[in-house]
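Here is the structure we will look at, set down as structure tokens.
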Amino acid sequence: MNDPLDQSARQQSHSSKSLPAGPTLAMLAHQGTPGRIRVKILGLYRSEDMKQALEALPGKSRWIVSVSANPLTGTALVRFRAEQPAALILAELESCARIHRNSKTESDRPNKNQGHSRVNESGVFGIGPANSRKSVPGKPPLHVVENSDFENSSESRLWHTMGADEVLATLDSGRGGLNGKLAKDRLRRHGPNTLRQQKPRSAMAMLAAQFMSPPVALLGVSAVVSIATGGIADAVAILGVVLINAGIGYFTESEAERIIGSLATLTPTRTLAIRDGERTEIAVENVVPGDVLVLEPGTFVAADARLIASSRLTVDESALTGESLPIGKHHDAFAAADTPLADRKNMVHRGTVVTGGSGTAVTVSTGRRTEIGVIQSLVGTVKPPETPLQRQLDHMGTQLALFSGGICAAMFGLGLLRGFGWLQMLKSSISLAVAAVPEGLPTVATTTLALGIRRMQGRHVLVRQLPAVESLGSVRTLCLDKTGTLTENRMRAVSIEMPEISVTRANGSLLVNGEPLNRAELKDLDRLLQIVCLCSEVKLIENGDGFQLDGTPTESALVEIALDAGEDARVLRKRHRLIKTIHRAEDRPYMATLHETGDGKFLVAVKGSPADVLGLCTHRLSGGEPVKLGEAHIASIMTQNERLAGQALRVLGVAFGYAENTDTASACRNLIWLGLIGMEDTVRPGMAELMARFHDAGISTVMITGDQSPTAFSVAKRLGLNGDKTLEIIDSASLDKVDPELLAGIVKDTTVFARVSPAHKLRIVQALQRTGHVVAMTGDGVNDSPALKAADVGVALGGRGAEVARSVADIVLEDDNLHTMISAVEQGRTIYSNIRKSLHFLVSSNLSEVEIMLIGTALGAGEVLNPIQLLWINLLTDILPGLGLALEPPEQDVLKQPPRDPTEPIVRRADAVRLMRESLLLSGGAMAVYGFSLSRYGLATKAGTDAFMTITLGQLLHAFSCRSERTGVFNRDKRPPNRLLDAALLGSAALQVGAAFLPPLRNLLRLSPIGILDWIAIAGGATAPFLINEGLKTVSRRKEGRA
């Protein structure tokens, strides 16, 4: 038996000068500025070969400058000489596309000399046994141009444009499915029905990343030079700091990767299919093109498939398209070639779930060739950006490396000019270079971010990479997916409008005209709730605490509101046994059910399109009695309907009546109108308040959804998504035609993007980034994954989010609680602020050591500090005090400040001035004590000992001053205590003082005994800079208060 999936069409080969007639392949999609067009290329979709052919055109054409072809959208951006007409460029593209397609067809044609290839009766090449396959009666011969692995196919079949029988014939399948042998053959040729997995970072890659910073590299070089010059102790200490930093980073990131990996929920591994004419359960990975899938409520669709039979089939496609409501599907539906994915009613796609009805579908694409597979390939084309902190620290590290190199050279030159030995000066210069680099900075930054991850884990926020929390703290725009993120992705009845009463639902309670519900006094409402319970196919399943509703989202929402109002649906259904169900139909936009009444008549319950249900009514219910329905009443009801529809609610009309028999035509006449019910995809609790908090923090919120514009607008309005701005909404149907430069200008003022595709979401995020914004993107579906990866911070929902979305996100909300994001924002801002405080402390302290050494050498005052003392100061004052500052509690107004500018340097000009002032005060205090000691002891080790003690204790006190730029130790009530910093400074001070009395440390540091008068001088030299800096803060704060 021949498998047409392996057949190629026999076509006449043509040269570029004699192209065959046929449909136009290159069509102008958009013409922007002169010399720039966007072109739709037939055959480019999913074809890497066509992409390469088009992008090679500039080397062959006199007019075309560049071509950027996208096989995922089927379009190409072409730049050409502006003086040339666009028609000429289109002609060249048309020629290229035709030549490529024809040459591809020729290359796909099997060699006539190959023994396993032949021409069958239908005029198509086949691969298989000698017997030929007969043509389908009444149909033209099928020409299938598709290679065995699908990867290099120049065109994908538009299955949604073909009839069910034609698809079956093309795939050489039938309604009884494939036979076992053919299925095995196809599995062997096409491979398993699996998707590419996102590869986690290797242990070696994570470890190597810890050493990729200029400060760490400089420290490593310094350690090597120290070993070469005999400074073993210095080298060991330096390498110890580097290894501690690498270990903290590696173990924290590997633990985060492990936790994220454990989140991956397994998709179903088995599915129902028809093979050899019988229903059978097969492994999802064994599904092949031509397999007939069985679709039932709850079925996970295992592959992309064309429906061949259906009965009231509905499918939840929210994870793929963003549509919040299940989509009705029908096997007889047809669609045009350019029909969007969400509107292909005759197709089902991998990763979606059947919510109602039943059907069968023939598999047309598996694995990487499914729509989910295409989206995954789109994810693979996106490179995640560096975080602001990475950019800032890399820049600072480079500057410090250059600065330390200059200091080293200057120190070495000055020493030689002063007559010091070259070896002594080389060691001192290296030590000074190390002193100029804050060894604690990499450790402080890494550990601070790691501890931030731990705190977030305690709040069910999982962070995949260390800098992600900091990036979230600098976000200016938060892009939110509506379905499942802002809303619960479930329908809920929120409003009932009856002729005389209005029922609203607020916080789970029902209010009648603003007052609590009392059903005993409201017979009309009671009857409406009974009718929606009866006119329903929802099954009531006891679960201990009540009922679980098994049915479509719309019907479940109607029964739910009746149950909330106290209706006993089970007893009601027993009293009025169901006799007949009349389902909605093409010419009947309502559903009706007939029930026993016990008096020989039948109770008729109806719900459906308000206008059509109202057209069946002659009366309305008032006070429990039927009242003639007049023109004024009808106008009032339609006004109510328009008002509810204007709120983007799904509105149904409800009516009832009595019938003598079960005939459909006679039963649905002379009905009694009850009212309207409005339903919506409910907003998650507290979302409006959360949006307000984001706006207070200076973060703009943008909704990007695949839903319809009215629905998206309604949700955005309820949430106050626009803050104090005008609510601007864009339907993204024509977004492909907008140039990137123009799109960047549009997105700045837009709050809602509706009807977007995965590629659109990606373009919107990248356009926002081009405006200079740090962008965060939240989502839970496969359709969100490309934008999640491209965003500066991708935030996925972990509880029910799609696996591909979690695998590319930076942050995963384990409990699906979006409220924890504001805590993450606070944490991110605090982390960045604290790292700046630590950096300020480390740089000003290290700079004071450089100043001491340079001044001493320049004045010929001897070596103020020896190399081991310099290293001791850095180890004692850098890591523990720096970590203490990095763990400062958040300042009270952290969420009232605007996000920082990501281009702002980590050390601003004002900071540099303050750094110089503070370092000069520290070095000045130490040099004053050094001069005092020189006057008493001369050029002896005692003077260096006193200077060593002064600068070390002065730096520890300086850490207290670095806790805040505005508040000081004299008004501690305005900031919470930092016990960790207190403990770090007290411990470091005790160790420093102890070094003067413990013989092993004293000998290592080459210290002399310290007398009482020396201790008094040391105390004065250490505390004077601290008191001056704190006093300047007080003066500055008073000036601000007077201003």
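If one puts a single equal scatterer on every Cα of region 894-1022 and applies the Debye formula without solvent, what log₁₀ I(q)/I(0) results at q = 0.13, 0.20 Å⁻¹? Debye curve over Cα of region 894-1022, log10 I(q)/I(0) at q = 0.13, 0.20 Å⁻¹: -0.69, -1.19. Spin-label pair Arg418-Arg455: with each label point 7 Å from Cα along the Cα-Cβ axis, the two points sit 4.5 nm from one another. Across region 827-879, the convex hull enclosing all Cα atoms gives 57 Å³ per residue. Phi-derived couplings, Karplus 6.51 cos²θ - 1.76 cosθ + 1.60 at θ = phi - 60°, listed residue by residue for region 480-494: 10, 7, 6, 5, x, 9, 7, 10, 8, 6, 8, 7, 8, 6, 10 Hz, with x used for Gly and Pro.
Over region 452-523, the pair-distance histogram of Cα-Cα distances with 10 Å bins from zero comes to 14, 26, 20, 17, 16, 8, 0 percent, rounded to whole numbers. A cut-off of 5 Å between modelled amide H atoms, ignoring neighbours fewer than 5 places along the same chain, links Ser61 with no other residue. Sorting 943-955, 284-296 by average packing, meaning the other beta carbons within 10 Å per residue, from highest down gives 943-955, 284-296. Taking each residue as 0.36 nm, the span from Glu625 to Ala688 lengthens on full extension beyond its C-alpha to C-alpha distance by 18.5 nm. The label point for Leu1004 and the one for Ala336, both projected 7 Å from the Cα toward the Cβ, are 8.0 nm apart.
The simple Förster model, with R0 at 25 Å and r as the Cβ-Cβ distance, assigns Arg188 and Arg279 a FRET efficiency of 0.55. Summarising the amide proton neighbourhood of Tyr658: residues at separation of 5 or more, or on other chains, whose placed amide H is nearer than 5 Å comprise Val604. Set the bar at 31 Å for Cα to Cα. Now go through Lys40/Lys60; Lys607/Lys761; Lys184/Lys789; Lys482/Lys737; Lys51/Lys184; Lys717/Lys896 and name every pair that lies beyond it. Table pairs above 31 Å Cα-Cα are Lys607/Lys761; Lys184/Lys789; Lys51/Lys184.
For the pair Thr398 and Asp893, what calculated FRET efficiency results from E = 1/(1 + (r/R0)^6), where r is the Cβ-Cβ distance and R0 = 35 Å, to the nearest 0.05? Taking R0 as 35 Å, the efficiency between Asp893 and Thr398 is 0.60. Taking label positions 7 Å along the Cα-Cβ direction at both Lys523 and Ile244, the computed distance is 8.4 nm, reported to one decimal.
Please report how far the C-alpha centroid of region 621-648 lies from that of region 950-1016, rounded to the nearest whole angstrom. Region 621-648 and region 950-1016 have Cα centres spaced 80 Å from each other. Summarising the overall dimensions of region 933-989 from its C-alpha atoms, the Rg and Dmax are 15.9, 47 angstrom. Would you mind calculating the gained length between Ser202 and Asn179 on full extension (0.36 nm times residue separation, minus the Cα-Cα distance), in nm to one decimal? 4.0 nm is the gain from fully extending Ser202 to Asn179.
Each principal axis of region 491-681 carries a Cα extent, and these read 42, 42, 35 Å when sorted largest first.
If the Kirkwood radius is taken over C-alpha pairs of region 513-586, then at 20 °C and 1.002 mPa s the Stokes-Einstein diffusion coefficient equals 160 µm²/s.
The listed peptides 297-310, 681-694, ordered by packing as a protection proxy, come out as 297-310, 681-694 (highest mean of other Cβ atoms within 10 Å first).
Taking every alpha-carbon pair under 8 Å whose residues sit at least 6 apart, region 491-681 reaches a relative contact order of 25 percent. Gain on full extension, evaluated as 0.36 nm per residue between Val236 and Ile1012 minus their Cα-Cα distance, stands at 275.9 nm. Between the listed residues Ser933, Ser988, Thr903, the Cα displaced farthest toward the positive end of the dipole of region 882-1030, a dipole computed from Cβ unit charges relative to the Cα centre, is found at Ser933.
Computing FRET efficiency as 1/(1 + (r/R0)^6) for Ser609 and Met27, where r is the C-beta to C-beta distance and R0 is 35 Å, gives about 0.35.
Computed from the coordinates by the stated procedures, all read-outs in this text should not be read as laboratory data. Nothing here was measured: the structure is a model prediction, and the numbers come from that model. Quick reminder, even Gly has a Cβ in these numbers, built from the backbone with ideal geometry, and neighbours come from all protein chains shown.
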